[in-house]
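Notes to accompany the following structure.
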Amino acid sequence: MQPLRLHLQDIGMTIATPCRSTPAPPPVSALVRALCEPWMFYKRTILRPRLSRAVFERVNGRQFVVWPGVLNPVIFRAGRYLAEFIGETAYLNMSSGVARSALDVGTGCGVLAVLAATRGYQVTAVDIDPRAVSCARANAILNRVEDRICVIEGDLFAPVQDRKFDVVVFNLPFFRGSPRAPSERAWKSPAVNDRCAAGLASVLKSDGVALFVLSSHGDPQRMLARLIRAGLAVERATWHHFGVETMATYAARHQGL
């Protein structure tokens, strides 16, 4: 049965897996990675030039402009995967007439902030990169939700340390290490995930939820362990097989809820 399961996932199956434990994204076998590598090499060759110029991408039926140097949510796919989840998940359902707040940490081009705003949330989006701040503001205007999104330049939770939110969303770097170029900062960092895990509970309301994505690349087990150590209960919501890697969406809440 295992080869059949992998084949179905490789062609695009997303599996909903709410569970009491907190499994990491399933690993990908060396054989499957090797079989997918020629296709991934072709994709990288075709898509890499798009990173050096401003481009438009379509996510969840909406247009987004992506400046050079800002993480492209389609080329790097984790952004689109989480954005589509945010656009549809019941975690963001709201009671009629109740105003709710959301925080997008490391907003990049603002794709998560825009999708949360379309669900009715008042969103604060934070990014340390001035290019990302400019890009996110442009996409709020492009998608006509600028009245529901406030984009702030700053480092993680520093600009909002005295506030708490109903929802926190983030797609932070998967890989540990120092970026060798500014373009690597969005997917490689020495400690940003550790810092996020340590500070997340402080900005999350008592009944709030944090939604995020992890990849089988990097060290997802470390992030999950850090969140649990910080007093959060984490469950995996969905996972998806992309051939060379798997990704999973997660929901984290204060323990005891």
Distance in nm between ALA99 and LEU51 label points, each 7 Å along Cα→Cβ, equals 4.1 nm
Of 145-155, 63-73, 45-55, ordering from highest average Cβ density within 10 Å down gives 63-73, 145-155, 45-55
Computed, not fitted: 222 nm per-residue ellipticity of the chain from DSSP H runs ≥ 4 (each -39500 (n - 2.57)), nearest 500, equal to -9500 deg cm²/dmol
Lys and Arg at +1, Asp and Glu at -1: neighbours of MET94 with Cβ under 12 Å from its Cβ sum to +1
As a percent rounded to 5, the proportion of antiparallel DSSP bridges among beta bridges in region 2-254 is 50 percent
One finds the C-alpha centres of region 140-185 and region 188-205 to be spaced, in Å, by 12 Å
Within the under-15-Å Cβ sphere about ARG144, not counting ARG144, Lys/Arg +1 and Asp/Glu -1 give a net charge of +2
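Only the coordinates and a few stated rules stand behind these numbers; no lab work does. From a predicted model like this one, the values you see are computed outputs, not experimental measurements. Please note: Cβ atoms are built from the backbone with ideal geometry, for glycine as well, and neighbour counts cover all protein chains shown.
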